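Participant: Quick one: the structure is below, and I'll ask about it shortly.
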Amino acid sequence: MCCTGCAYYSFSGSALPHLKTVAIPTFQDDTAEFGVKDDLTNALIEAFTSDNTLKIAERRNADSMITGRIVSVKDGAGAFDRAETVDEIRVTISVQVKFEDLQKRKLVWEGRLSEVGTYAPSGGSTSNTTREDAIAEAITKITNEVLNRSISGW
């Protein structure tokens, strides 16, 4: 299996038992989207807090760190109705993320993640009704992927 732009290390059991804490500084943002970097960073902190495999810590005291950069937030037509008008709009958020072992000064994984949220442009059939809902959906998907990649095999 090959994954372009990604580096993975396989963990068996508790391969990184020395990692107890993680720092998650605010993501960098290469877009003009207001609030997305804060929403994503806060969602990651909440997810790691709920999971409790790694406890959140300040960077200077952390065993590991997740850093990232929002590369793009793009809207595009996702579905059309019978009259060929847009029935669903897809918001795609792309981020570059890195998980580092600060104690051993090693890269655990890094990669580019892209996730989609959808909304109806005029209250159509899509469950999300606003662009903000679609962005929140994409952020949730990114958060779950980062959490899973970071704690897999523990």
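Quick note: the coordinates plus some simple rules give every number you see, no bench work behind them. Keep in mind it's a predicted model, so treat the numbers as computed, not measured. Glycine gets a Cβ as well: all are built from the backbone with ideal geometry, and neighbour counts include every protein chain shown.
Participant: So the check is Cβ under 6 Å with 6+ separation or different chains; which pairs have a first residue in segment 27-38 that's surrounded by 13 or more Cβ atoms within 10 Å (Cβ to Cβ) and a second one that's in a helix (DSSP H, G or I)?
Facilitator: 27/37; 27/40; 27/41; 29/37
Conditions tested, residue by residue: (1) of a type in the set (A, V, I, L, M); (2) touching a residue at least 60 places away in the same chain (Cβ under 8 Å); (3) surrounded by 15 or more Cβ atoms within 10 Å (Cβ to Cβ).
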| position | (1), (2), (3) |
| --- | --- |
| 44 | yes, yes, yes |
| 55 | no, no, no |
| 73 | yes, yes, yes |
| 90 | no, no, yes |
| 93 | yes, no, yes |
| 96 | no, no, yes |
| 106 | no, no, no |
| 120 | yes, no, yes |
